[in-house]
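Some notes on the structure that comes next.
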Amino acid sequence: MDHQPFQSRRAGVQTRRLRPRKGLLRYGVLARLPRYEFDRDYIDRLVAEDPEVEQHFTRYFGSLLSLKLRSRLRSAALVEDAKQETFVRVLTSLKRKRNLATPETLGAFVNSVCNNVLFELYRSAATDTTSRTRGNRVPIR
């Protein structure tokens, strides 16, 4: 990062102000989210496809997942793809099993599904890199 010194309000103290580098992805600042406690009724309504609960679910976990994924993936498109894949897997799993053992662990469940999606993305990227280094690359032109 580029550093630009500036004079502090305290006499004789010089500090460095950070300026963002050009060309990096820019994301808006997320407001601090209130914690939400999940219960059996919330899970039942989510499985029943209640629009209000689905909207809350995607807003609440969308912000948290975006925060996590932005620090681990290179592009905004990959972040969005991983987030959507996480939502699909969580909702599919909830509908298939019809419930979590303890509804209070919904946040941990979403986080673990997101971790699995990330590991699969990493694995596929590593496989692509390996196949390119072995000469199995398809010519672009």
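The values are calculated or read from the model by the stated rules, or taken from the named source; none is laboratory data. Please read these numbers as outputs of a predicted model, since none were measured by experiment. Every residue, glycine among them, receives a Cβ derived from its backbone with ideal geometry; neighbour counts consider all protein chains shown.
Values computed for the structure shown
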quantity	calculated
Residues of segment 50-63 satisfying the condition of being surrounded by fewer than 17 Cβ atoms within 10 Å (Cβ to Cβ) and under 26 Å from residue 118 (Cα atoms)	54, 55, 56, 58, 59, 62, 63
Test for residue 86: is it over 22 Å from residue 123 (Cβ atoms), at pLDDT 85 or above and surrounded by 11 or more Cβ atoms within 10 Å (Cβ to Cβ)	no
Index of the failed condition, residue 92 passing every other in (1) modelled with pLDDT of 75 or more; (2) over 17 Å from residue 53 (Cβ atoms)	(2)
Residues (in contact (Cβ under 8 Å) with a residue 24 or more places away in the chain and closer than 22 Å to residue 35 by Cα) located in segment 91-104	91, 94, 99, 100, 103, 104
Breaking point among (1) in a helix (DSSP H, G or I); (2) under 25 Å from residue 53 (Cα atoms); (3) at pLDDT below 90, for residue 64	(3)
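Yes/no matrix, rows are residues, columns are (1) touching a helix residue (DSSP H, G or I) at 6+ places or on another chain (Cβ under 8 Å); (2) surrounded by 18 or more Cβ atoms within 10 Å (Cβ to Cβ):
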site	(1), (2)
69	yes, yes
81	no, no
93	yes, no
97	no, no
110	yes, yes
114	yes, yes
